[in-house]
Amino acid sequence: MPQIANIVVSVLFDGLAYAMFLFITAVGLSVTMGLMGFVNLAHGAFAMAGGFVVVSLTRSYGIDFIPSLLIAAVLIGLISVRFEKRLYRRLYKSTDLEQVLLTIGLAFMAIAAFTYFYGPIPKSVPLPHWLEGDVNLGFRRFPSYRAFLIVVGAALIAVLWYVFENTNIGAKIRAAVDNRRMAESVGINVDRLFTLTFAVGSGLAALGGGLAIQLFGLTPSFAVLYLVLFLIVVAVGGLGSLKGTLLAALVIGIIDTGGKYAFPVAGNLFIYAITALVLLIKPSGFYGRE
Amino acid sequence: MSETKPRTSAFFEARDRATDYLVRRHHLRWPEVLPWLVAIACFFLFPNRMTFGSQVLIMIMFALSLDLILGYAGIVTLGHAAFFGIGAYTVALASLKLGWSEPISGLFGAAVIAGLVGVVVGWFILRYRGLTLLMLTIAFAAMLQESGNLRSDITGGYDGLPGLTFDPLLGAFQYDLYGHTNYWYALAALAVVFYLVRRIVYSPFGQTLTGIRENVRRMHSIGSPVHRRLVTVYAISAAIAGVAGALFTQTNAYVTLTVFDFDSSAKVMVMLILGGTGRLYGPFLGATVYMVLEDYFSKLSPTFWQFGIGILLVLTVLFARRGLLGVAEDFVRLRLSGRAGDAAPRRLVWKPEHWKALGASALDGAILGFLIGFAANLSRTELMSSFVAGTPARAFIFTLGGAAIGAGINAVYLLITSRSAVAGAAS
Amino acid sequence: MRMLHWLGAAALAMTVGGTAQAADVKIGVVLPFSGANADLGHQMDKAFDLYVKLHAKDIAPNTVTLIKRDEGPPTGAAAKTVATELITNDKVNLLTGFSFSPSAIALAPVVTQAKVPMIISNAGTAWITNLSPYIVRLSFSMWHPAYPMGAYAYDKVGCKTAAVAYTDFPPGKDSTEAFETGFKKAGGKVVLSIPMGSPVQVPDFTPFFQRIKDAHPDCMYVFIPSGAHATGVMKAYGELGMRKAGIKLIGPMDLIPDNKLQDMGDAAIGTIVMGHYAVDLDNAANKAFNAEWHKAYGADSYPDFMSAQAWDTMHAIFDTIKKLNGNMTDGAKVVEAMKGWSADGPRGHVMIDPTTRDIVQDEHAMEVYRKPDGKLGERILGTTKAVKDECKVLKVGRCGS
């Protein structure tokens, strides 16, 4: 029996850490898609770019891992504003298909450009010593980095939750996601709101990219490799819903980890089966608008 | 709401024109012969490149199947490779396990199986639209791939099924090294499929589909069986994708599970949008341009060809909204309608906001320059452990250079567009 | 005697001057230059270029032209199209490269039909060489490292029980099957066998390894494609504290590619792999190879086992050009000339088995350790000489046909 309990704890812990990565990276995508209906397939490219900024900062500028993560998030967030103003803004009114084409094109360009500068070999980052090895939480030991991931995720969720539910900006975003025209007619500048959420979302993606280096290693093709996974989290959670994205990340993260533990033969079948099942029953995801 | 206005002669005139249009629009027009002439000409111009040529034809057919549901019925899918894969595996397994290696009947078999699966899947998923539908299609293709890997004893997994043999075409034509038989075979199959699609698109059934795409509520309210129509067209499209997949297996004599890849679904969609959706010849142009450029860029630089493709896509969206075929149409129309604007003076009007635009491009250029300067010291070094720290001076120079280049490019762009703006205003 | 000498020289002059004019041998190089596996292509491409640069004079007056094409993703189809066109359009004399087994498998009927030799410098599915008489392989079969590892793990590493974990695609299955065959023969017991997802995406390895940790075998044998996966394996292994728990990590050399070794950190120390190459391999040819590599590509760039294979591949091609005086148009003759080729390369003494057209090479058991200069290195623990592809010796499955 303690053996079973041990397994359950491991699966929950690893699944939770995985879920936090998914949440951090996908939440920006969910909000921008909910707000503007903009299909941003270049979201993974921002995450990848963030990861490489972290690599550069730690490796060639000697900055520690944690400050590098923050700098990368802010830097990519700011740069994404330029992309939003120059390219994305032109396509708000156009069809999903054009948005798909533009953002896939951007992702391709990003992959080629980063391959040029960083090469195709997977990169890793030096971690501070307290993040290596494992940590004793009293009843058993856990990998430190995953514990760190969970803490960062929890902190971010708390901040986002507060902003979303208790501030003026959060109220405006929720209003605009619910009914954009109505929000505009009461004087909310949805365009500016979108720029803001886009920047924050891309910054968070960059943070997620930086955090993922330790999990998967970082290559330029990160930009598209995990894109489907992010889209799944967004769709299963419901567009523009913080709560939904979190729940979806948890469900996908934990069930995938558990599935891999118990039935490794099935591979990724679990993730897709769950996605299909949830969407067939609840087409707009857990907390999406019907 | 019913029409209550009195009917004027203008009304009848308009109605006649509309009927006339509907009657005539499915007639063959002379430019429609062009793609086929080009395809035939290619055979004589590039006899050594027919292996590639047949792949292009197969992708055209695949894109055409997608156009039927995406362009005409508005069903957005990123999992169409599922049906391509089903078709591909149908002929492979039929040849390997059942010894059924006659190619043409194999195509029919693939169409039937893929079509049947299309009916079942479509019946479930076509109640949904938008992102939900998109994710369901992705999930379906991915589940097929994963289950295929689960039974790699049957499918050969990611190493695939080698050594597939197919009978000579019509009992007479062997598959040759140069792919000549394959090319004619694929071209003939494409012609047949295209004829069917053309019939469907211009039939009343096709009209219903366009109606569903444009306004699904209205179609519901006038009593059109929307779901059944969608499932039907989805199944037809699935069958065509299956035929394309079967051709793929037959021409390569090989198939692996990668036919179900997400990449393949995404690529065919990109080809279609590039060419222009909802146009019969969009797939022809899109698939050809994409594949020829991919081939060209990848020879130019095997490592970085993706950059060229990426730029192509971005430029298409920014300057050619309706795809390459849309641009071509506009161009032809402009030519036909005469040059009304020609007499207008073509001079540059410099407005204050142009300075702002220049400033913005300079900023973009500076950001890009800074980033490259920031990363430049990393280039060509592979092991991260011993990087040299970048010099701030280099980052600074790159920033300034980027700003200058950005502003310069925009200045040239403005010089061109501002001129034509004047010309347009006068016409 | 002197007369005879003269005659010989005259005859030689006639053959050189008369029949074989200086030929330009066209070599089609098919390697992945884009996508997730681009680094595999680069490792081999650099070795090809380096060899050609250094040895172009050896085949004078003949010359070679390398025509490089992107192998693309491991689908088979992309590589088949470009390689077929290399034959039909560019008229290459022979094809080389091929990272992925599907590419080689898909192309096999084409080279048979076109009678163009395909000299494989990586693709490792065991039965590939059986598919066409025009295939010659200078890299390895999955059985090369995995089969001897079985006995070595039981006898020397002290593994009585083992878990196997592999990326779920045919080379992974090949490799684990070979290991299990050798391991069981030696008396070991495989307690757990875990497939770890498709080769396309690097998964989160933790759940798989957690399962192994809970089963507590003496050793775990891991096979992953030698790309982005390797770093992930080492991280998960380190994070879960499996070495402390007494589970040794063993595998084929794909687990610790030389060009990623320095990035793997302390977790890699103590890992024991079986393989045919490491930068630390102690032989003259390897020292020269490494020196030239660093001179050409910088001190931070390392060759890996694929680079060594590519180097030997080009070596064999050049020797054949010399042997045939640049007369490379007849594919059957080229393959015939290559059979039995042997040389001392970076991997040590290698030979092409005349009957199977597959490589015969030494396999080394190697352990990762920290060198005095602080870098990670590989220490040779033991060597099995002249290993043949055991799959074809035992005639397992498709290898028997």
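The values are calculated or read from the model by the stated rules, or taken from the named source; none is laboratory data. Bear in mind the structure is a predicted one, so any value in this text is a computation, not a measurement. Backbone-built Cβ (ideal geometry, glycine too); neighbour counts: all protein chains shown.
Per-residue answers, yes or no, for (1) within 17 Å of B:ILE58 (Cβ to Cβ); (2) buried (at least 21 other Cβ atoms within 10 Å of the Cβ):
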| position | (1), (2) |
| --- | --- |
| B:GLN174 | no, no |
| B:GLY179 | yes, yes |
| B:ALA189 | yes, yes |
| B:LEU196 | yes, no |
| B:PRO204 | no, no |
| B:GLY211 | no, no |
| B:SER221 | no, no |
| B:GLY242 | yes, yes |
| B:ASN252 | yes, yes |
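Selection of helices (runs of 4 or more DSSP H) fully inside the stretch C:1-106 by the criterion of at least 1 residues being within 14 Å of chain B (Cβ to nearest Cβ) and modelled with pLDDT of 85 or more returns C:38-55, C:77-88.
Of all residues in the stretch B:41-72, which are within 13 Å of another protein chain (Cβ to nearest Cβ) and within 16 Å of B:GLY206 (Cβ to Cβ)? Matches in the stretch B:41-72: B:LEU66, B:ASP67, B:ILE69, B:LEU70, B:GLY71.
Is it true that A:LEU97 is surrounded by fewer than 21 Cβ atoms within 10 Å (Cβ to Cβ) and in contact with a Ser or Thr (Cβ under 8 Å, 6 or more places away or on another chain)? Spelling it out, A:LEU97 is indeed surrounded by fewer than 21 Cβ atoms within 10 Å (Cβ to Cβ) and in contact with a Ser or Thr (Cβ under 8 Å, 6 or more places away or on another chain). Here C:SER226 meets each of (1) of a type in the set (Ser, Thr, Tyr); (2) surrounded by fewer than 24 Cβ atoms within 10 Å (Cβ to Cβ); (3) closer than 18 Å to C:ALA146 by Cβ with one exception, condition (2). The requirement of being assigned to a loop (DSSP other than H, G, I, E, B), out of contact with any helix residue (DSSP H, G or I) (no Cβ under 6 Å at 6 or more places or on another chain), within 13 Å of chain B (Cβ to nearest Cβ) and hydrophobic (A, V, I, L, M, F, W, C) is fulfilled nowhere in the stretch A:32-53; no residue meets it. Figure legend. Inter-residue proximity from the stretch B:311-327: first residues at the interface with chain A (Cβ under 10 Å from one of its Cβ atoms) and under 18 Å from A:ARG89 (Cβ atoms), second residues in a loop (DSSP other than H, G, I, E, B) and not hydroxyl-bearing (Ser, Thr, Tyr), beta-carbon distance below 8 Å, spacing 6+ or different chains. Indicated pairs: B:VAL314/A:LEU87; B:LEU318/A:LEU87.
Exactly one residue out of C:LYS156, C:LYS185 is without any contact (Cβ under 8 Å) to a residue 60 or more places away in the chain, over 26 Å from B:LEU257 (Cβ atoms), away from chain B (no Cβ under 14 Å) and not in a loop (DSSP other than H, G, I, E, B): that is C:LYS185.
Taken over the stretch A:95-120, the criterion of being more than 7 Å from chain B (Cβ to nearest Cβ) and more than 22 Å from the chain's Cα centre (by Cα) is satisfied by A:THR95, A:PRO120. Return the residue satisfying two criteria in turn: it lies in the stretch B:225-240 and is without any contact (Cβ under 8 Å) to a residue 40 or more places away in the chain and surrounded by fewer than 16 Cβ atoms within 10 Å (Cβ to Cβ), and of such residues it is farthest from B:GLY79 (Cα to Cα). Top of the filtered list is B:PRO225.
Say whether the condition of being touching an Asp or Glu at 6+ places or on another chain (Cβ under 6 Å) and farther than 26 Å from A:PHE142 by Cα is met by at least one residue in the stretch C:280-295. Within the stretch C:280-295 (the criterion being touching an Asp or Glu at 6+ places or on another chain (Cβ under 6 Å) and farther than 26 Å from A:PHE142 by Cα), the answer is yes, since at least one residue qualifies. Listed by position, the helices (runs of 4 or more DSSP H) contained in the stretch B:126-237 that have at least 2 residues being within 13 Å of chain C (Cβ to nearest Cβ) and closer than 27 Å to B:ALA18 by Cβ form an empty set. Here B:PHE11 meets the list (1) over 30 Å from C:LYS80 (Cβ atoms); (2) not in a helix (DSSP H, G or I) almost entirely, failing just condition (2).
Among the residues of the stretch C:246-277, those that are modelled with pLDDT of 85 or more, crowded, with 21+ Cβ neighbours inside 10 Å and among the aliphatic types (A, V, I, L, M) comprise C:ILE247, C:LEU249, C:ILE250, C:MET253, C:LEU255, C:ILE256, C:ALA268, C:ILE272, C:VAL273, C:MET274.
When A:ILE63, A:ILE121 are screened for being touching a His at 6+ places or on another chain (Cβ under 9 Å), part of a loop (DSSP other than H, G, I, E, B) and aliphatic (A, V, I, L, M), only A:ILE121 passes. Scanning the stretch C:111-127 for residues that are surrounded by fewer than 24 Cβ atoms within 10 Å (Cβ to Cβ) and within 9 Å of another protein chain (Cβ to nearest Cβ) gives C:GLN113, C:ALA114.
Is it the case that C:ALA316 is over 30 Å from A:ARG59 (Cβ atoms), within 15 Å of the chain's Cα centre (by Cα) and of a type in the set (A, V, I, L, M)? In short, yes.
All of (1) at pLDDT below 90; (2) on the phi < 0 side of the Ramachandran plot hold for C:PHE318 with one exception: (1).
Based on this model, can you work out whether B:THR256 counts as more than 9 Å from chain A (Cβ to nearest Cβ) and more than 28 Å from B:LEU170 (Cα to Cα)? Here the answer is no, as B:THR256 does not meet what is asked. Counting only helices (runs of 4 or more DSSP H) that sit completely within the stretch A:194-290, those holding 1 or more residues that are β-branched (Val, Ile, Thr), more than 14 Å from chain C (Cβ to nearest Cβ) and crowded, with 24+ Cβ neighbours inside 10 Å correspond to A:227-237, A:242-262, A:269-281. Quick one: count up the residues across the stretch C:319-340 that are more than 13 Å from C:ILE119 (Cα to Cα), within 19 Å of the chain's Cα centre (by Cα) and crowded, with 21+ Cβ neighbours inside 10 Å. The number of residues fulfilling the criteria is 0. A single entry from A:ARG86, A:ARG59, A:ARG82 fulfils the requirement of being in contact with a Lys or Arg (Cβ under 9 Å, 6 or more places away or on another chain) and of a type in the set (D, E, K, R): A:ARG59. On inspection, C:ASP168 fails the criterion of being over 23 Å from the mean Cα position of the chain (by Cα) and acidic (Asp, Glu).
Filter the stretch A:140-192 down to the residues that are outside any helix (DSSP H, G or I) and within 14 Å of another protein chain (Cβ to nearest Cβ), then identify the one that is surrounded by the fewest Cβ atoms within 10 Å (Cβ to Cβ). Top of the filtered list is A:ARG140. Taken over the stretch A:150-169, the criterion of being without any contact (Cβ under 8 Å) to a residue 60 or more places away in the chain and under 23 Å from A:ILE188 (Cα atoms) is satisfied by A:VAL159, A:TYR162, A:VAL163, A:GLU165, A:ASN166, A:THR167, A:ASN168, A:ILE169.
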